[in-house]
Amino acid sequence: MSHIHISDGVISAFWGLGGYLIVGLIIFLILRKVEKTDLKKKIPMTGVVAALMIVGMSVPLGPLPVHLSLAVLSAIIAGPALGFIAIFVVNFLLAFFGHGGMTIVGLNTIIIGAEAFVGSMLFRLLSKKLTPFKSASIATAIGVIVSMTMMIGLIGITTGGYEVFLHKFLDHHHEVEHSNEGVHQKHEDGHLQQQHGGEYNEEGHDVKDVKFLFFSGWTAIVIILLLGIFTESMGTGLIVKFFNKIRPDITGESNTAVTDK
């Protein structure tokens with residue numbers, strides 16, 4: 001859910017390169033630490049959760065201008081280490097299809113990776129007292145809140161404003177092109193640009209531009225965020241509950257004392 005949907009060039013190359021360097025270092029440390037025997041067992045499942053994430057991030061949720069990430073689910077199943085690698089691969093592949101720019105892959109991996117790490121750790125902790133469904137749902141909600149906070153903070157630091165954040169809640173796929181006396185307007189991924197002689201000037205969005213059902217402005221944003229967190233949490237909880245019934249070893253909850261009915 002917490003995914004930066006902006007094109008290359010909006011955030012400076014310094015931040016993009018920094019994101020890649022941090023991700024590269026983390027993956028290097030992961031590969032050095034993970035045992036080869038454990039790696040062989042986990043790689044197939046890592047591929048499965050990566051496929052689930054691609055589906056979740058690619059399929060729109062009807063009128064909700066957000067999508068599932070299933071990042072916490074990937075970390076619960078494959079572990080936070082291999083889950084992080086899966087998140088990087090998924091972000092890299094989706095960037096080829098315009099799901100965020102290539103320069104944003106590293107930053108997106110860090111943001112979603114933090115969500116996965118926090119969520120999986122909380123799941124292990126909560127599952128000692130609660131059912132797998134409740135544990136996964138609560139852990140996912142907290143993980144999404146953490147990653148969403150990181151995303152807003154990062155956007156504020158790197159762009160100096162919140163306008164890019166508003167793109168997440170505007171029409172993600174609507175594209176309008178209009179040509180008139182050398183002027184070209186394009187609305188892509190909620191980002192309006194105006195071209196004069198080959199140069200692009202960004203037109204800002206305002207909070208009032210965000211509309212959802214009968215609501216607009218900050219009310220619409222809050223409702224979208226709450227519904228997004230709820231959907232992500234319930235989706236992850238139900239999938240974990242399903243796996244726990246048929247293959248509890250997948251989620252590592254085969255020895256749990258509390259089970260879903």
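Summary table below
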read-out: The stretch 29-65, residues that are modelled with pLDDT of 75 or more and outside any helix (DSSP H, G or I); value: Val34, Val59
read-out: Phe84 vs. criteria part of a helix (DSSP H, G or I), among the hydrophobic types (A, V, I, L, M, F, W, C) and either modelled with pLDDT of 75 or more or closer than 30 Å to Gly9 by Cβ (or both); value: yes
read-out: Odd one out for Gly9 among (1) at positive phi; (2) surrounded by 15 or more Cβ atoms within 10 Å (Cβ to Cβ); value: (2)
read-out: Matching residues in the stretch 12-28 - criterion: being modelled with pLDDT of 85 or more, surrounded by 12 or more Cβ atoms within 10 Å (Cβ to Cβ) and either of a type outside the set (Val, Ile, Thr) or not in a helix (DSSP H, G or I) (or both); value: Trp15, Gly16, Leu17, Gly18, Gly19, Tyr20, Gly24
read-out: Candidate set: the stretch 100-142, residues that are under 16 Å from the mean Cα position of the chain (by Cα) and outside any helix (DSSP H, G or I); chosen: the one surrounded by the most Cβ atoms within 10 Å (Cβ to Cβ); value: Gly100
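The values are calculated or read from the model by the stated rules, or taken from the named source; none is laboratory data. Because the structure is a prediction, the values reported are computed rather than measured. Here Cβ is always computed from backbone atoms with ideal geometry, including for glycine, and neighbour counts include all displayed protein chains.
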